[in-house]
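J.: Let me begin by handing over the structure; questions about it come next.
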Amino acid sequence: MAKDWVSRIDGVNLKFKRETLLNYGMNRWGLNKAYSVGSTSELIRSCAPKVFEDWEEFYFSEAKQKKVGGLNITREYIDGLGQTLYVKLSEVVQNELDSITEEECIDYAYNLILNRTFEGYITEIETIYGQLEAAVGVKIHPAEDKWDRTYSVDFYIEIGDKFIGLQIKPIASGLALNQYQWVEMHMINHQRFEQDFGGKVFFIYSEKTAGGKKKIFNVEVIDQIIEEIERLKEV
């Protein structure tokens with residue numbers, strides 16, 4: 001008999017109409033984590049089943065919570081997880097939904113789209129700034145707003161009475177980097193900077209690694225900046 005909460009079936013996999021909400025609850029309370037249901041990815045590879053029944057039998061004979069003193073997983077235990085999910089959604093989440101206001105949703109949307117994006121951008125810039133300062137071994141200063149508008153530089157290095165300009169550009173990891181686009185766009189301002197202050201302007205491109213950390217993408221720029229520092233010292 002068809003269940004009205006199932007929208008479609010792919011093989012033995014059921015697609016639930018309210019899957020987004022159900023998935024949220026499972027993840028929020030860790031009901032599908034290895035410490036709760038065992039390492040399913042490892043178990044199914046060990047089983048290498050040809051049909052679902054083989055996997056089902058293997059799982060209930062071998063699965064164990066991945067934690068000290070973990071329990072063996074049974075059908076009754078899975079039922080209990082479903083019951084816990086129901087209580088969490090029907091009581092905790094329902095109470096939270098009842099307390100949400102339109103104003104809160106408006107504030108959240110604005111914060112997510114603007115505030116959080118800005119803070120993430122600033123954090124990335126500051127992280128790259130710190131890495132670069134350690135790599136070149138000299139103090140790097142934030143540029144004042146006038147320099148940003150006039151010369152298109154974010155930071156600068158002071159060498160005697162000369163200055164080197166730096167512009168940091170975050171890029172999406174894995175995407176093609178069109179460096180010439182940025183160079184052409186700011187060429188006139190950067191030429192003006194070099195004429196006025198004697199030092200070149202360098203682009204530092206930052207990317208986020210798979211682990212979420214920020215790093216300098218075009219690491220060759222570090223040696224170029226060091227060479228420019230040494231050149232200005234001799235001028």
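J.: Has the range 222-234 got any residue that is surrounded by fewer than 18 Cβ atoms within 10 Å (Cβ to Cβ) and within 29 Å of the chain's Cα centre (by Cα)?
T.: Among the residues of the range 222-234, at least one is surrounded by fewer than 18 Cβ atoms within 10 Å (Cβ to Cβ) and within 29 Å of the chain's Cα centre (by Cα), which makes the answer yes.
J.: Now, a different point. Of all residues in the range 44-53, which are without any contact (Cβ under 8 Å) to a residue 40 or more places away in the chain and not in a loop (DSSP other than H, G, I, E, B)? Quick ask: steps written out before the conclusion?
T.: Applying the first criterion (without any contact (Cβ under 8 Å) to a residue 40 or more places away in the chain) to the range 44-53 yields 44-51, 53.
Scanning the range 44-53 gives 44, 45, 46, 47, 53.
J.: Moving on to the next point. Please determine, by comparing only the residues of the range 1-60 that are modelled with pLDDT of 90 or more and β-branched (Val, Ile, Thr), which one is least open to solvent (accessible area, probe 1.4 Å).
T.: Top of the filtered list is 37.
J.: Here are some conditions: (1) under 23 Å from residue 12 (Cβ atoms); (2) hydroxyl-bearing (Ser, Thr, Tyr); (3) loosely packed, with under 12 Cβ neighbours inside 10 Å. Residue 77 meets all but one. Which one does it not meet?
T.: For residue 77, the exception is condition (3).
J.: Return the residue satisfying two criteria in turn: it lies in the range 97-141 and is surrounded by fewer than 11 Cβ atoms within 10 Å (Cβ to Cβ) and polar (S, T, N, Q), and of such residues it is farthest from residue 167 (Cα to Cα).
T.: This residue is 99.
J.: Mind checking which pairs have a first residue in the range 64-86 that is farther than 18 Å from residue 27 by Cβ and a second that is surrounded by 12 or more Cβ atoms within 10 Å (Cβ to Cβ) and of a type in the set (A, V, I, L, M), Cβ under 8 Å, 6 or more apart or different chains?
T.: Here the result reads 64/71; 64/73; 72/63; 73/37; 73/63; 77/71, each pair linking the range 64-86 to a residue that is surrounded by 12 or more Cβ atoms within 10 Å (Cβ to Cβ) and of a type in the set (A, V, I, L, M).
J.: Open to solvent by 60 Å² or more (accessible area, probe 1.4 Å) and modelled with pLDDT of 95 or more: which single residue out of 83, 94 fits that description?
T.: Values: 94 fails: modelled with pLDDT of 95 or more.
Going through 83, 94 in turn, the sole match is 83.
J.: List the number of the failed condition for residue 168; all other conditions in (1) over 20 Å from residue 133 (Cα atoms); (2) modelled with pLDDT of 75 or more; (3) out of contact with any Lys or Arg (no Cβ under 7 Å at 6 or more places or on another chain) hold.
T.: (1)
J.: Determine which member of the set 124, 96, 144 is touching a residue at least 60 places away in the same chain (Cβ under 8 Å) and not β-branched (Val, Ile, Thr). Explain how you work it out, then say what you get.
T.: Details: 96 fails: touching a residue at least 60 places away in the same chain (Cβ under 8 Å); 144 fails: touching a residue at least 60 places away in the same chain (Cβ under 8 Å).
Being touching a residue at least 60 places away in the same chain (Cβ under 8 Å) and not β-branched (Val, Ile, Thr) holds for just one of 124, 96, 144, which is 124.
J.: Still on this structure: Might you let me know whether the range 20-43 holds any residue that is assigned to a loop (DSSP other than H, G, I, E, B) and of a type in the set (Val, Ile, Thr)? Quick ask: steps written out before the conclusion?
T.: From the range 20-43, those assigned to a loop (DSSP other than H, G, I, E, B) are 29-33, 38-39; that's our starting set.
Narrowing further to those that are of a type in the set (Val, Ile, Thr): none.
Within the range 20-43 (the criterion being assigned to a loop (DSSP other than H, G, I, E, B) and of a type in the set (Val, Ile, Thr)), the answer is no, since none of the residues qualifies.
J.: Identify, from the list 208, 213, the residue that is within 30 Å of residue 120 (Cβ to Cβ), open to solvent by 90 Å² or more (accessible area, probe 1.4 Å) and in contact with a Lys or Arg (Cβ under 7 Å, 6 or more places away or on another chain).
T.: 208
The values are calculated or read from the model by the stated rules, or taken from the named source; none is laboratory data. Not measured: the values here are computed from a predicted model. In this analysis, Cβ positions are derived from the backbone assuming ideal geometry, glycine residues included, and neighbour counts consider all displayed protein chains. The area values use the complete protein model at the heavy-atom level, side chains included, leaving out ligands, DNA and RNA. Shrake-Rupley method; radii C 1.70, N 1.55, O 1.52, S 1.80 Å.
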